[in-house]
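Presented below is the structure to which this report refers.
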Amino acid sequence: MSKVIALAIKDLRLLFRDKAGLFFTLFLPLIYCVFFGAIFSGMYGGGGVSGMDTAVVDEDGTPSSQLFIQTLEKAAEINVQTADRAQALDSVRRGKNVACVIIPKGYGAAMAKPFWGGSPTLELGIDPSRRAEAGMLRGILTQYLYLEIQKNISDTAKLREQLSGALEEVRASEDTDPVTRGALMLFLPALDGFLGSLAQAKDADGDGDGSFAGFPRAKIERIDIARKSKGPLPTNAYQVSFPQGVIWGLLGCAAGFGISLVVERTHGTLVRLRMAPISRAQVLAGKALACFATTVALQVGLFLLARVAFGVQPTSVAMLAMAVICGSLGFVGIMMLLSVLGKTEQSAGGIGWAVLLVMAMLGGGMVPLFVMPSWMRTLGNVSPVKWAITAMEGAVWREFTFAQMLFPCGVLVAVGVVCFTVGVWAFRWTEEG
Amino acid sequence: MAPAMLTLNNIRKAFGELVAVDDLSLEIARGEVFGLLGPNGAGKTTTVNMTVGLLAPDSGTVVVGGGGSPTSPAVRAKIGVAPQALALYEELTGEENVVFFAKLQGLSGRRLTERVRWALDFVGLWDRRRDYLRTYSGGMKRRLNLAVAVVHNPQLLLLDEPTVGVDPQSRNAIFENILALKEEGHTVVYTTHYMEEAQRLCQRVGVVDHGKLLALDTVDNLISDHGGKSVLTVEREDGETTVETEDPLAELNRQQAQGPLLRFRVDRPDLERVFLNLTGRHLRD
């Protein structure tokens, strides 16, 4: 065993001295984890929502428009920067702001006429390259606009004043058709009477200031599906990005150590190792041990970082350990198989990475599986990457039981055993084969 | 003769149509420095590879240390090899390379430390032990190759063209090392196509070509049996005369008696001539 350990230590030394290899094996996965975690931090909560930078122009200059701007400033979904029309349009054109919202003249007057003759209007300009956000922003603005209208009609005295004004305008209006006019002449006084009796009743009870609580508003409430519904969901984008990033580390280790076996053959060191009093099995075991140790250390390191720096708390440390070990075993086997794919360092590297990239594409290492069409998700079953991600996610946020962990972990171990066996069988010890 | 350290019994190895080693038999005594002399492609490296167990002979046997096949790791532990192709790790330091291979030979603890120091001292690389191999010159790498081969104090040392591509200074250093090993009583098999190396270092030399052993004896006997006569070349004003002779001095006196000489040259037979006479071609062809 001491000779196998000596072989493994040699490989680890070589790995740590190969700066490019080290980058691809250790730091690229870290960059992946952090980068994609940061990008998708708004998707799962926990990471906070980053607001859209939006220029707001107040051309109306009324208390209503100022109140609306204050409301927008408090909104988490947008970051408000006030500007004039020219500045706002220019900032969107330059890509400094995602959009601009212009409150045109007449906004305040329209807000004061909720029943007759008023229709508050906003102008919205969107960066043409950010069309995806346009619909979202339109929805957000509609929500806050109706909130303002609701605030307006929540004040009974103000509402009755607006009703009185509207009634006078209807009476004075000569071009309104008689049917509409008749209906309004019945409805507006009736509503005024209703509000008056409501205010009297509240004052008599002494439990209010006579204000109207408003009409019931439609609500959309968020449900914590992770805990209450049929299945858990990630609550933090890093719970998704770290398993995916770890995969790139596993792929890097498999490629790196697989290629290093080819390098040992082409540089003649493999022949020299065979001249030493060790068996062929020990030579390969040394390489496998180095690869296993590196993949385990990589996963442990990344998940510790995820815990400390990004709040990724696995639902079960024991399950995560199981996923880490089985993932490592699987990719050690893949490493051995990659070492027989090419005769030279270049061909082994090229073919090896091509195979690994296909595995990553199909298995959700590049794009999360849940955004893939169903046929592609089914195809992904052939990729060990899928099972490694499933096992890690099972331990990190999917709340897998031990029994549920057995299948992905079993697949990984089986892949490892089969690939290692085939790799050893097909391995060429000399350049001649 | 001392008991045999290495015995090759009628070994044969072919790669397809090419017969690399053809019915080769040798017996090398303990403490002997034995030279295997032949041009490139003569079958020297294939013989070394069979001796160390890397290749299995198609027929015949290899016996190391009086009783064991080199396919067994225990037997291989008795052998130290400096392969012709430098097979060391460029991204490890000189010391790390030696330590690594010493560990594979089963050394550990204090003995490991002592032997690594001895080996690096032996080849004159102790001061450069912490430098990466990639910073070494070709000659230094060859010397480290030797250090790796001797670090576990093997009974049998196989040196396959150990001076290929090295500067004169490193070549001399390697010669000194081999002579020191000879003094210590190590058994050394030295393959080379440089006849002067075989002549300088080896007690006995086997001449091989196309996988066959053409002659085997001490250097003096090979020269006397296959080297032919010395060649005396004398130059006079009227031209140059070449004479083959067994007694160059007597022939020179006879030539001088025939008239004044401008200059003369004596070419004594050597292993190069032995090879030429045995094969009809030069060692470096």
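Things to note:
One line per residue, one yes/no per condition, for (1) within 20 Å of A:Leu7 (Cβ to Cβ); (2) touching a residue at least 12 places away in the same chain (Cβ under 8 Å); (3) not small (Gly, Ala, Ser):
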residue	(1), (2), (3)
B:Tyr89	yes, yes, yes
B:Leu120	no, yes, yes
B:Arg128	no, yes, yes
B:Arg143	no, yes, yes
B:Ala149	yes, yes, no
B:Pro162	no, yes, yes
B:Gln169	no, yes, yes
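- Pair list, Cβ under 6 Å, 6 or more apart: the stretch A:187-202 residue at pLDDT 80 or above, other residue part of a helix (DSSP H, G or I) and not hydrophobic (A, V, I, L, M, F, W, C): A:Asp192/A:Arg160
- Output for the stretch A:422-433, where each listed residue is free of Cβ contacts under 8 Å to residues at least 40 places away in the same chain and either under 10 Å from A:Met336 (Cα atoms) or away from chain B (no Cβ under 14 Å) (or both): A:Trp425
- Some residue of the stretch A:44-51 being aromatic (Phe, Trp, Tyr) and modelled with pLDDT of 80 or more: no
Here's the yes/no breakdown for (1) modelled with pLDDT under 90; (2) crowded, with 23+ Cβ neighbours inside 10 Å; (3) hydroxyl-bearing (Ser, Thr, Tyr):
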| residue | (1), (2), (3) |
| --- | --- |
| A:Leu250 | no, yes, no |
| A:Leu261 | no, yes, no |
| A:Thr266 | yes, no, yes |
| A:Arg272 | yes, yes, no |
| A:Ser279 | yes, no, yes |
| A:Leu284 | no, no, no |
| A:Ala288 | no, yes, no |
| A:Cys291 | no, yes, no |
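- Selection status of B:Arg236, surrounded by 14 or more Cβ atoms within 10 Å (Cβ to Cβ), within 19 Å of B:Gly35 (Cβ to Cβ) and basic (Lys, Arg): no
- Listed by position, the helices (runs of 4 or more DSSP H) enclosed by the stretch B:42-131 that each have at least 2 residues that are within 14 Å of chain A (Cβ to nearest Cβ) and closer than 24 Å to B:Lys13 by Cβ are B:44-51, B:73-76.
- Number of residues in the stretch A:328-351 that are small (Gly, Ala, Ser) and within 23 Å of A:Ile389 (Cβ to Cβ) equals 3.
- Number of residues in the stretch B:195-206 that are surrounded by 18 or more Cβ atoms within 10 Å (Cβ to Cβ) and under 19 Å from B:Val166 (Cβ atoms) equals 6.
- Subset of the stretch B:32-85 [closer than 21 Å to B:Leu216 by Cα, surrounded by 20 or more Cβ atoms within 10 Å (Cβ to Cβ) and hydrophobic (A, V, I, L, M, F, W, C)]: B:Val33, B:Phe34, B:Leu36, B:Leu37, B:Ala42, B:Val48, B:Met50, B:Val62, B:Val64
- Selection status of A:Leu356, within 13 Å of A:Leu250 (Cβ to Cβ) and either assigned to a loop (DSSP other than H, G, I, E, B) or not hydroxyl-bearing (Ser, Thr, Tyr) (or both): yes
- Qualifying residues in the stretch B:5-46 (those that are more than 13 Å from the chain's Cα centre (by Cα) and among the charged types (D, E, K, R)) - the one modelled with the lowest pLDDT: B:Glu17
- Inter-residue pairs, beta-carbon under 6 Å, first within 7 Å of another protein chain (Cβ to nearest Cβ) and in the stretch A:256-279, second in a helix (DSSP H, G or I) and among the basic types (Lys, Arg), 6+ apart: A:Pro277/B:Arg76; A:Ile278/A:Lys3
- Count of residues meeting criterion [surrounded by fewer than 20 Cβ atoms within 10 Å (Cβ to Cβ) and either in contact with a helix residue (DSSP H, G or I) (Cβ under 6 Å, 6 or more places away or on another chain) or not in a loop (DSSP other than H, G, I, E, B) (or both)] in the stretch B:182-194: 2
- For beta carbons closer than 7 Å, sequence separation of 6+ or different chains, a first residue in the stretch B:5-30 that is over 23 Å from B:Tyr190 (Cβ atoms) and a second that is surrounded by fewer than 21 Cβ atoms within 10 Å (Cβ to Cβ), the qualifying pairs are B:Ala14/B:Asp58.
The values are calculated or read from the model by the stated rules, or taken from the named source; none is laboratory data. Predicted model, so just to flag it, every value in this text is computed and none were measured. With ideal geometry, Cβ positions are generated from the backbone for all residues, glycine too; neighbour counts draw on all protein chains shown.
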